[in-house]
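The values are calculated or read from the model by the stated rules, or taken from the named source; none is laboratory data. From a predicted model like this one, the values you see are computed outputs, not experimental measurements. Every residue, glycine as well, gets a Cβ built from its backbone with ideal geometry; the counts of neighbours run over all protein chains shown.
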Amino acid sequence: MAASTSYKKINILENSNLRDKIKIFKKSGKKFDRIVLHENEEDLIQIMVMMYRKSFNFPFHYSINKSESFSVIYGKFKILFKEKGKIRKIILDKKNKIIFKLNANVFHKIIPLSDVSVALEILDGPFKRNSVRKINE
Amino acid sequence: MDLLKETQLEKLMNKNIGNRKNIFYLSLNDLDKIKNTKNITGRSRYNLHKNFKSIIQEMLINFNKNSYVKPHYFIKKHTIFRLIKGSFRIKIYEQKKVRNIYLNQKNQMLIIKPKTMYDIISLQKNSIIHELMEGPFNNKVFKT
């Protein structure tokens, strides 16, 4: 999916552009899609707009040895994460927590609560294939 | 660009609220709490990265109205600004012109490529920006 408005020295993510992308996503019937904002897989900042339907389901996982930042743009999420053997939860939306950051290998699960929920995800680069560990794998 | 002595830097960094946790989350209310910890520049910040060596240096910065960061650039680093609250004007200094970019209700985020000169000013009281930069942190280019 095409990303932001790009100039020689900068890229801009406009809200109107983002709204258009969300509309296209809604009509697509997909459960999940992403807008990649970084330039290539070698970039040290891998930054993506993630769009989820409520039916999205992905198991507990973590990105191996990468920090992960997840902040809400639109809608509402429940984040489950494992800490000291217990499963804890937080709600992510504009009224509650707005940003969730993992600085270690912590199993977590993203549960979109709105019909369409949108977040900004930032991962340490460069991109590596098979760098996600799912629970019970 | 002013270079700071190490002791000055430590003093300034101590005013920032750092993060040593593996799991970290914040609300807008948490961000309002740092508005009274601003230093002489009219800014205060939450660091979300674990330490100066982190691959991504990520922070949330609360600006007073008119708090201004002078024109500067990074040779190898991208800078990413995402609006959380309020509004900002970022000037991009190109070879023959200056481009004004506003982070406000119209624009959500700006990615600035390496070797691009820019400055930034807050246009509203207690504006908050989410800033990302490639690590490690280098105090020789630290902007107060």
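Numerical summary
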item: Residue match in the range A:91-108 (condition: out of contact with any strand residue (DSSP E or B) (no Cβ under 6 Å at 6 or more places or on another chain), on the phi > 0 side of the Ramachandran plot and within 11 Å of chain B (Cβ to nearest Cβ)); result: no
item: Any strands (runs of 3 or more DSSP E) falling wholly within the range A:52-111 and containing at least 2 residues that are within 23 Å of residue B:52 (Cβ to Cβ) and of a type in the set (A, V, I, L, M); result: A:97-102
item: Candidate set from the range A:36-79 (those that are of a type in the set (A, V, I, L, M) and more than 14 Å from the chain's Cα centre (by Cα)); member that is surrounded by the fewest Cβ atoms within 10 Å (Cβ to Cβ); result: A:64
item: Condition broken by residue B:41, with the remaining ones in (1) at pLDDT below 95; (2) among the hydroxyl-bearing types (Ser, Thr, Tyr); (3) surrounded by 17 or more Cβ atoms within 10 Å (Cβ to Cβ) satisfied; result: (3)
item: Filtered residues of the range B:102-127 (kept if of a type in the set (Lys, Arg) and at the interface with chain A (Cβ under 9 Å from one of its Cβ atoms)); result: B:106, B:113, B:115
item: Residue A:71 within 19 Å of residue B:24 (Cα to Cα) and hydroxyl-bearing (Ser, Thr, Tyr); result: yes
item: Members of the range B:100-120 found to be among the basic types (Lys, Arg) and surrounded by 15 or more Cβ atoms within 10 Å (Cβ to Cβ), listed by number; result: B:113
item: Condition broken by residue A:116, with the remaining ones in (1) of a type in the set (Val, Ile, Thr); (2) at pLDDT below 95; (3) closer than 23 Å to residue B:84 by Cα satisfied; result: (2)
item: Matching residues, the range B:27-38, being surrounded by fewer than 21 Cβ atoms within 10 Å (Cβ to Cβ) and within 13 Å of another protein chain (Cβ to nearest Cβ); result: B:27, B:28, B:29, B:30, B:32
item: When residues of the range A:13-63 are limited to those that are among the charged types (D, E, K, R) and free of Cβ contacts under 8 Å to residues at least 12 places away in the same chain, the one nearest to the other protein chains (Cβ to nearest Cβ); result: A:14
item: Leading residue by the ranking (nearest to residue B:26 (Cα to Cα)) among those in the range B:62-87 that are within 13 Å of another protein chain (Cβ to nearest Cβ) and hydrophobic (A, V, I, L, M, F, W, C); result: B:84
item: Of all residues making up the range A:1-46, the number that are aromatic (Phe, Trp, Tyr) and at pLDDT 95 or above; result: 2
item: Condition met for residue A:96 (among the polar types (S, T, N, Q) and farther than 16 Å from residue B:80 by Cβ); result: yes
